[in-house]
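Undergrad: Got a structure for you, questions after.
The values are calculated or read from the model by the stated rules, or taken from the named source; none is laboratory data. All figures in this text were calculated on a predicted structure; none of them were measured in a lab. Every residue, glycine as well, gets a Cβ built from its backbone with ideal geometry; the counts of neighbours run over all protein chains shown.
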Amino acid sequence: MRQWIPRDQFLASLPSAVLGAALLITDAAGDVLLLHEAPTAHPHAPEPVWVTPGGHLEAGEDPWQAALRELAEETGLRPPATAPPRLLACNFTPARKDEGEPMVTVFFFDGGTLAPDEIRAIRLSDEHDRFEFRPLGRWRGDVSEDAFACYTQLVHARRSGVPALLHRGRPFPTALQEVAPE
């Protein structure tokens, strides 16, 4: 007969994981919006980075709710509550045990296209010190290769209408998708 460990021991044995939600937002020209983290926003980070609006899920939130909350907190923008969520991608980053980093899964949604008056209405929180819209290719070099790969896949998913499953920003490895017959 199988022996089960007590629930508290089982829960303590689970790997740590972080869930996040973010939005791909563009302007009328199709340029991608990224927010620059203020140097004081994440003192544990090596240096400030450019990111899409988004963040971690809070207790009781689903990914879409978290994406909308983060957008409002970080930019002051509030899309209509009735806007249906459109998932563009789910990006998985494995844990880095040697660095004590948990696994991270981020749900990316289509945040739409902002009109000029909406762009003028952006009011950044203390977490960010500036924002920019740029053509996707002009972000290369200012974001990590993993982030650039992810943003490229988000733009492709938006255009194609097909959500992407990503692994470190790139399409999920096909070798992992193929199951060998037993």
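Undergrad: Does residue 94 satisfy being exposed (fewer than 15 other Cβ atoms within 10 Å of the Cβ) and within 15 Å of the chain's Cα centre (by Cα)? Step through it out loud before you land on a result.
TA: Details: exposed (fewer than 15 other Cβ atoms within 10 Å of the Cβ): yes; within 15 Å of the chain's Cα centre (by Cα): yes.
So residue 94 fits the description; yes.
Undergrad: A follow-up question, please. All but one of (1) assigned to a loop (DSSP other than H, G, I, E, B); (2) in contact (Cβ under 8 Å) with a residue 40 or more places away in the chain; (3) not aliphatic (A, V, I, L, M) hold for residue 47; state the number of the condition that does not hold.
TA: Only one criterion in (1) assigned to a loop (DSSP other than H, G, I, E, B); (2) in contact (Cβ under 8 Å) with a residue 40 or more places away in the chain; (3) not aliphatic (A, V, I, L, M) is unmet by residue 47, namely (2).
Undergrad: Does residue 20 fit the bill of being crowded, with 17+ Cβ neighbours inside 10 Å and closer than 30 Å to residue 97 by Cα?
TA: Numbers: crowded, with 17+ Cβ neighbours inside 10 Å: yes; closer than 30 Å to residue 97 by Cα: yes.
Yes; evaluated as a whole, the condition is true for this residue.
Undergrad: Considering every residue within the range 27-38, establish whether at least one is of a type in the set (D, E, K, R), in contact (Cβ under 8 Å) with a residue 24 or more places away in the chain, assigned to a loop (DSSP other than H, G, I, E, B) and farther than 14 Å from residue 129 by Cα. Can you show your working first?
TA: Going through the range 27-38, the residues of a type in the set (D, E, K, R) turn out to be 27, 31, 37.
Still in the running and in contact (Cβ under 8 Å) with a residue 24 or more places away in the chain: 27, 31, 37.
Filter once more, so that each one left must be assigned to a loop (DSSP other than H, G, I, E, B): 31.
Narrowing the set further to residues that are farther than 14 Å from residue 129 by Cα leaves 31.
Within the range 27-38, one or more residues are of a type in the set (D, E, K, R), in contact (Cβ under 8 Å) with a residue 24 or more places away in the chain, assigned to a loop (DSSP other than H, G, I, E, B) and farther than 14 Å from residue 129 by Cα.
Undergrad: Determine the pairs where a residue that is aromatic (Phe, Trp, Tyr), located within the range 165-177, has a partner that is modelled with pLDDT of 90 or more with Cβ atoms under 8 Å apart, the partner being 6 or more residues away or on another chain.
TA: 172/92; 172/165; 172/166
Undergrad: Have a look at 105, 152 and point out the one that is at pLDDT 95 or above, assigned to a strand (DSSP E or B) and under 15 Å from the mean Cα position of the chain (by Cα).
TA: Numbers: 152 fails: assigned to a strand (DSSP E or B).
Sole residue among the options that is at pLDDT 95 or above, assigned to a strand (DSSP E or B) and under 15 Å from the mean Cα position of the chain (by Cα): 105.
Undergrad: Given the condition over 30 Å from residue 14 (Cα atoms) and in contact with a helix residue (DSSP H, G or I) (Cβ under 6 Å, 6 or more places away or on another chain), answer yes or no: does some residue in the range 88-108 qualify? First the steps, then the outcome.
TA: Filtering the range 88-108 down to residues over 30 Å from residue 14 (Cα atoms) leaves none.
Looking through the range 88-108, none of the residues is over 30 Å from residue 14 (Cα atoms) and in contact with a helix residue (DSSP H, G or I) (Cβ under 6 Å, 6 or more places away or on another chain).
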